[in-house]
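Q: I have a structure I would like to understand better, so I am pasting it below and will then ask my questions one at a time.
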Amino acid sequence: MAQPFVLPEFYVPYPARLNPHLDAARAHTRDWARRMGMLEGSGVWDESDLESHDYALLCAYTHPDCDAEALSLVTDWYVWVFFFDDHFLEVFKRTQDREGGKAYLDRLPAFMPVDPAEPVPEPVNQVEAGLADLWRRTVPSMSAAWRRRFAEATEHLLNESLWELSNINEGRVANPLEYIEMRRKVGGAPWSAGLVEYAAGAEVPERVAGSRPLRVLRDTFSDGVHLRNDLFSYQREVEDEGENSNGVLVLERFLDCSVQEAADAVNDLLTSRVQQFEHTALTEVPALCVEQGLAPDEAAAVLAYAKGLQDWQSGGHEWHMRSSRYMNEGALGDAPGSGAFGMAAASLRLTPRAEKARWRGFSHVPFRHVGPSLLPHIEMPFELTLNPHLEGARERCVEWSHTMGILRAQPGQPGSGVWDERRLREIDLPLCAAGLHPGADADALDLTSQWLAWGTYGDDLYPVVYGAVRDLAGARAQNGRLRLFMPLDAAAGAAPEPGNALERGLADLWRRTAGPMNERDRKAFRDSVDVMIASWEWELANQAQNRIPDPVDYIEMRRATFGSDMTMALGRIGRGNKVPPEIWRSGPVRALENAAVDFATLMNDLFSYQKEIEFEGEVHNCALVAQNFFDVDYPTAAEITAALMNSRMRQFQHVAAHEFPVMYDDFGLDGQTREILDGYVRELQNWMAGILNWHHGCERYQEEVLLRHRAEAADEGARSVASLSGPTGPGTSAARVSALVGS
C-alpha cells in the first residue's frame, strides 16, 4: 500500500544510543509475554507479532544506560501497554462497546495499590495479569509519592481510551487544543516519563515534581513522543483502524489542507515542542534547582531525569524508523551508512526549516505599526444578562481603587502610575463582573469587580515596572511578598504591613474573600491567585528574551495570565463541598473549563492585538504566535486564531451536551449534584458571554483611546525632561541635565 504522504525531515538533535543488554531483554520479554497469555491463543498477538514490533529494541534505544534487570522490566511494561492498546481495540473499539470497555477499565486501578502490602483481585485476563505482575516488581524501589504519580498516569492512559471510543462512535475529530490535551493522557507519554525516573534511577524530588519547569519538560516530552508517533502511525491508525485520534488528521480537518501539508505542520509543531524542551532545560531547570535549594543529589536526579527524557526522544525516533508497526518506507534513506544504528538521528541533526523557525521566534520587532485589530466572526450562542447592581459597582470600584492607592504612582517604583481614575473608568471592569455573575448581590458583585481590577492592574503594572528594565528578580521578590498576604490560617500570624497598592489591595480582598471560606476552598482559591501571579514572571522572561512563545506553551500559560483560574474559583465558592472533589478533577469538567477559558483568551487576543503589539511591544498574543509558527501574515493568523476560538466554543457545547450526561451516569451522581453541575455550566456560559460583552463595551482596546494615551505619555515625558533641566543663571550650565545629554 502506498504511503499517504512523504515523511518530513525530523528535528532530532541528539543521536540515539543502544543499551548493550538488548538481547537479554528480547529473550526475557518473549517468555514473560507468553506466561501472561499475550501470545498464541490471545486473539491479539502471536509470537511473530511480538518479534516484528520489537519492543525490546524500543526500550534499548530509549533507555540506553540502565542495567539488564531494569531494561527487562521496562520492556515488559511496554509490551503490556501495547498489548492493552491492541486488546482494547479488538474487544471494545471495533465493536464500539463503551459499556463493556468502562467495566473492563474500572477494575484495573485495583491492581496498582500505593501500599504494596495491600491485596489485589485475582486477574481474569492478560492485561490484569500483566499489570499485577509489573506493579509487584516495580514499586518496591520507588517512593509512595512516585507510586501515586505513576498510578495516576496509568489510570489516565487507560481511562481516556473511553474518550477515543466515544469520538469513534460519534465520528468526531477533535480540535487541535483538545487533541493535544487528551493525547497526553491517551498516548501514555507521561506514563513513559515515570518509567524514565525508574530506569535512570532519577526519581524527581516530590517538592518540585509539580513545578512549571518539570511540568513543561514532561509535557513537551509527551507532545514530542505523540506527534512523532502520529506521523509514523497515520496509515495504520486512520486508513486501517478507522481512528480519529491522530494529529495529522486533526490538522488536516482544522486547516482544511492536504494530508501532506498537515503532516508538515505536525512536524513543525513537533520541532517547536522539542525546542521548547531544550529552552526549558537550559533556562528554567537550573534556576529551579537553586531557588528550591535542592541538595546536590536531588539536583543531579532532576538533570538525569531531563537527560533520560532526551534519550527517549532520540531513541524513540530511531525505533519508529525501523519498527514494522509503522509507516517508514524509505525513512532511513539510501545514503551510505544511513541504515546503521544511530545514524537516523545523527544525520538529521539540524534542518533548515527547524532552524529558520527557531530564528523567527527571537527576531520579533516590537512596537511596529499594525493598525486596528481585526475581528473575524465570533460565535456566541449564549444570551447576555447583566447584574442590576452594575452602576453602583462602578462607583464603588473607583472608590476602592482610590483607597488602595491603585490610581497613583507608588513610592520607589518609577513608571508605576499606570492607572488614573479615567483609565479605570475606560476599562470598566464592573461591566465584565456584571456579565460574569448576573445574579450576584451587590456585595458579591463588588468583590468580583475589585478582584478583576486588582488582577488587571497587576497585569498592566509588571511589564512597566519590571519588564522595561528586565528586573526579573524584583518581580520574583514582589510575588514572594504577595503570597504573604494570602494566609491559609489567619490565626497563625498577621501578614506584614503592605508596602504598595498591589499588596494593599490583595490584603483587603483576601480578608473579605477567604475569611468565610472553608479550608479546602481557601487553599484552592489561593492556588488560583498564585498561578496568575507566577505567570506574570513567565511573561517577563519572554519579554526579556524577546521570545515569541511556543504555541502550546502559550495557550496553556495564557489561561494563567488571564486569571481564569481565579475567576472560576470565585464561581465555585459555595458549590465546592457539595460536589465530590474527583468530579472537579474529572476529564469532562476540565475539558469544559479549558474550552471556555481558551475561547475567552483567544477572543481577548483578537481584540487586544493592536494594543499589545503596536503600543506595548508585547510578544504574548495568539495571532502573533500563529504568524510566527505558520510564517503567515496577520490577517491569516487572525483567521486561524478565530477558527481555534470558535472550535473551543463548539467543544464547550459538545462536552456539556454529550460528555456531562455520561459522566453523571458513570459516577452515579444524585439529582442535587447534577443540578449543581448544570448550574456551573450555566455559570460558564455567563462567563463567556459577559467577557465578550465587556470587550465590546469597554474602551481599553479602541485605537483612538490608545493614541490619546500615547500622546499624553509623550507630553508627560517631555515635562519630566524639562523639570530635570536644572537651575538657571550664571555659572549653572554645567549643572543642567541637558548639558550632559545634549539637546
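Q: Out of residues 5 or more away from residue 46 or on other chains, whose amide H comes under 5 Å of its own, with H placed 1.01 Å from N in the peptide plane?
A: Under 5 Å from the amide H of residue 46 lies no amide H from a residue far enough along the sequence or on another chain.
Q: Using only the alpha-carbon atoms of segment 372-478 as identical scatterers, what base-10 log of I(q)/I(0) does the Debye formula give at q = 0.14, 0.16, 0.21 Å⁻¹?
A: -0.67, -0.81, -1.05
Q: At q = 0.15, 0.24 Å⁻¹, what is the base-10 log of I(q)/I(0) for segment 25-66 according to the Debye formula with one equal point scatterer per Cα and no solvent? Please give it to two decimals.
A: -0.37, -0.79
Q: I would also like to ask the following. For the chain, take the longest principal axis of its alpha carbons; what is the angle in degrees between that and the long axis of helix 98-107, to the nearest 10 within 0 to 90?
A: 90
Q: So for segment 361-428, considering every pair of alpha-carbon atoms, how many percent are separated by more than 17 Å?
A: Details: 1556 of 2278 pairs.
Tail of P(r) above 17 Å: 68 percent of Cα pairs.
Q: With a 1.4 Å probe and all protein chains left in place, how much accessible area per residue does segment 401-521 have, in Å²?
A: I get 41 Å² per residue for this part.
Q: Go ahead and estimate [θ] at 222 nm for the chain from helices alone: -39,500 (n - 2.57) per DSSP H run with n ≥ 4, summed, over the residue count, rounded to 500. Don't skip to the answer; put the middle values down first.
A: Numbers: 35 runs with 475 residues, N = 743.
So the calculated ellipticity at 222 nm is -20500 deg cm²/dmol.
Q: With point charges of +1 on the Cβ of Lys and Arg and -1 on the Cβ of Asp and Glu, referenced to the Cα centre of the chain, which listed residue (698, 680, 385) lies farthest in the positive direction of the dipole?
A: 698
Q: Which shape class, rounded, prolate or oblate, goes with segment 66-130 when its Cα gyration tensor gives a ≥ b ≥ c as root eigenvalues, a/c under 1.5 marks rounded, and past that a/b bigger than b/c marks prolate?
A: oblate
Q: Further question on the same structure: With everything on Cα atoms, drop me the angle between helix 390-404 and the longest principal axis of the chain, reported from 0 to 90° to the nearest 10.
A: Approximately 80 degrees, to the nearest ten.
Q: State the answer as a single residue: which of 478, 374, 453 lies farthest towards the positive end of the charge dipole of the chain, with beta carbon charges of +1 for Lys and Arg and -1 for Asp and Glu, about the Cα centre.
A: 478
Q: Computed from the mean reciprocal separation of all distinct C-alpha pairs, what Kirkwood hydrodynamic radius does segment 637-681 have, in Å?
A: Across segment 637-681, the inverse of the average 1/r is 12.0 Å.
Q: Sorted from largest down, give the three principal axis spans of the alpha carbons of segment 648-722, whole angstrom values.
A: The Cα atoms of segment 648-722 stretch 72, 21, 17 Å along their principal axes.
Q: Related question: Would you mind pulling out the separation of the Cα centroids of segment 577-634 and segment 86-136, in Å?
A: So the separation of the two Cα centres works out to 37 Å.
Q: A follow-up question, please. Kindly write out, for segment 74-87 in residue order, the coupling ³J(HN,Hα) from the Karplus curve 6.51 cos²θ - 1.76 cosθ + 1.60 (θ = phi - 60°), rounded to whole Hz, with x marking Gly and Pro.
A: After applying 6.51 cos²θ - 1.76 cosθ + 1.60, I find 4, 4, 4, 4, 6, 4, 4, 6, 6, 5, 3, 4, 6, 5 Hz.
Q: Further question on the same structure: Give me the percent of Cα-Cα pairs in segment 573-673 that sit more than 19 Å apart, rounded to a whole number. Display every interim value, and only then the final one.
A: Numbers: 2756 of 5050 pairs.
The calculated P(r) of segment 573-673 puts 55 percent of pairs beyond 19 Å.
Q: Taking the Cα centre of the chain as origin, sum charge times position over the Cβ atoms of Lys and Arg (+1) and Asp and Glu (-1), and report the length of that vector in debye to the nearest 20. Kindly include the intermediate steps, with their values, before the conclusion.
A: Numbers: 71 positive and 110 negative charges, 402 e Å.
Computed charge dipole of the chain: roughly 1940 debye.
Q: If you don't mind, another one. Using a 1.4 angstrom probe on heavy atoms only, work out the carbon and sulfur share of the accessible area of the chain in %.
A: C and S fraction of accessible area: 54 percent.
Q: How large is log10 of I(q)/I(0) for segment 9-125 at q = 0.18, 0.21 Å⁻¹ when the intensity is taken from the Debye formula with one equal scatterer per alpha-carbon?
A: The Cα Debye sum returns log10 ratios of -1.04, -1.18.
Q: Ok, one more. In the chain, if the dipole is taken from +1 on Lys/Arg beta carbons and -1 on Asp/Glu beta carbons about the Cα centre, which of 515, 130, 567 is farthest to the positive end?
A: So the residue we want is 515.
Q: I would also like to ask the following. For helix 551-561, report the angle its Cα long axis makes with the longest principal axis of the Cα atoms of the chain; keep it between 0 and 90° and round to the nearest 10°.
A: Helix 551-561 sits at roughly 50 degrees to that axis.
Q: Seen from all sides and averaged, what is the projected area of the convex hull of the Cα atoms in segment 270-317, in nm²?
A: 3.4
Q: Any chance you could run the full-extension gain for residue 256 through residue 442? It's 0.36 nm times the residue separation minus the Cα-Cα distance, nm to one decimal.
A: 62.2 nm
Q: Would you work out if segment 422-513 is rounded, prolate or oblate? Take a ≥ b ≥ c from the square roots of the eigenvalues of the alpha-carbon gyration tensor; rounded if a/c is under 1.5, else prolate when a/b is larger than b/c, oblate otherwise.
A: Since a/c reaches 1.5 but b/c is at least a/b, the shape of segment 422-513 is classed as oblate.
Q: Looking at the calculated P(r) for segment 206-334, what percent of the C-alpha pair distances fall above 19 Å?
A: When all Cα pairs of segment 206-334 are counted, 56 percent exceed 19 Å.
The values are calculated or read from the model by the stated rules, or taken from the named source; none is laboratory data. This is a predicted model, so every value here is computed, not measured. Methodologically, a virtual Cβ is constructed for each residue, glycine included, from the backbone with ideal geometry; neighbour enumeration extends over all protein chains shown. Accessible surface is based on the protein model in full, side chains and every heavy atom, while ligands, DNA and RNA are left aside. Shrake-Rupley method; radii C 1.70, N 1.55, O 1.52, S 1.80 Å.
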